[in-house]
Structure formats: C-alpha cells, structure tokens
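Single-structure report; data block below.
Just so it is clear, none of the values below were taken in a lab; they were calculated from the coordinates. Since we're looking at a predicted model, the values are computed, not measured. Note that we place each Cβ from the backbone using ideal geometry, even for glycine, and neighbour counts take in every protein chain shown.
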Amino acid sequence: MTETQRRIVAEAWAFRTGVEREAADRFARLATAISRFDAPSPLPALMRRAAEDEQRHAALCLELAAIYGTPAIGFAKDVPIAPRSLEGRAAVLYEVAAACCITETESVATLTTLLAEEVEPGVEKVLRTIARDEVAHGRMG
C-alpha cells in the first residue's frame with residue numbers, strides 16, 4: 001500500500017469514527033425522547049444498546065485510523081433532522097425511520113460492499129462486527 005493509499009484509508013476510518021459517534025448520540029437522544037411518549041416500550045432500551053454499540057464501533061474505527069496513520073478527527077454534533085412541520089411523537093417517529101430504516105440499512109450496504117473485496121483480517125473483523133450490529137439497529141425501525 002502506498003503512502004497516499006494509507007492516508008486515504010486512515011482518513012476514511014477517521015471519518016467513520018465521527019459517523020459512529022454521531023449515531024451513538026442520536027440513539028441516546030431518541031431513547032430519551034421515546035421514553036417520554038411510551039415509557040413501557042422496549043424500544044428505548046434497544047436504542048440505548050444501539051448507542052453503546054455505536055460507541056464501540058467508534059473505538060474500533062479509531063483504532064484502524066490510528067493503525068493507518070490518522071489521529072481522530074472531530075465529529076458532527078447530533079441534531080434533530082425531522083422537518084420543522086413535525087412535532088413531538090411525529091418528529092421522533094420520523095427520526096427513528098431515518099436513523100434505523102434508512103441510515104443503518106445504507107451502512108449495511110456499504111459494509112457488505114467492502115466485505116465483497118479482499119481485506120486484511122483485522123479490517124474484516126471490524127467490518128463484520130459493525131455490519132452485524134447495524135442489521136439489528138435497522139430492525140428497530
């Protein structure tokens with residue numbers, strides 16, 4: 001692998017670190033919001049577990065970024081994405097669909113594409129770990 005390729009790979013894993021951290025924050029926020037509307041629902045506990053998974057994913061991605069030579073970068077702050085015309089429960093439902101049904105499904109598609117190529121064993125292990133969890137997160141939608 002050339003130095004340029006190493007830099008690109010490192011930057012990609014550093015970027016993914018931020019994506020995972022942002023997802024962790026979003027799942028934690030949604031768990032709290034859902035609890036306000038539907039306290040007996042099992043979904044808040046699943047969301048909190050997903051937040052923990054995403055933090056673990058961020059740590060794995062950060063390790064890979066460091067192996068390839070790029071230190072951690074900042075990450076975007078989680079902000080609600082529901083249209084302003086939606087309020088309360090409808091806004092939370094919109095975000096759950098966006099975070100789970102769309103974002104996590106797209107993540108699995110990306111990871112599956114990467115797994116179709118020959119990758120180093122350590123990278124493959126991380127990709128499979130993240131993919132397994134992302135499928136579960138997508139099911140929450």
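What the Cβ-Cβ distance of GLU11 and THR112 gives, at R0 = 22 Å and to the nearest 0.05, is a FRET efficiency of 0.50. When the chain is treated as a Gaussian network with alpha carbon springs shorter than 10 Å, the biggest mean-square fluctuation among ASP78, ASP25, ASP38 belongs to ASP38. The residues neighbouring GLY69, those whose beta-carbon lies less than 14 Å from its own, together hold a net charge of -1 under the Lys/Arg +1, Asp/Glu -1 convention.
Each residue in SER85, SER107, SER35, SER41 was given a count of other beta-carbon atoms within 10 angstrom of its own, and listing them fewest first yields SER85, SER41, SER35, SER107.
So what is the diffusion coefficient of the range 3-139 in µm² per second by Stokes-Einstein at 25 °C and 0.890 mPa s, using a Kirkwood Rh over Cα pairs? Spell out each step's value before the answer.
Values: Rh = 15.7 Å.
The calculation lands on 157 µm²/s.
In deg cm²/dmol and to the nearest 500, what is the mean residue ellipticity at 222 nm of the chain if only DSSP H runs of at least 4 residues count, each as -39500 (n - 2.57), divided by the residue total? Intermediate results must be reported in sequence, preceding the final value.
Values: 5 runs with 100 residues, N = 141.
Computed ellipticity for the chain at 222 nm equals -24500 deg cm²/dmol.
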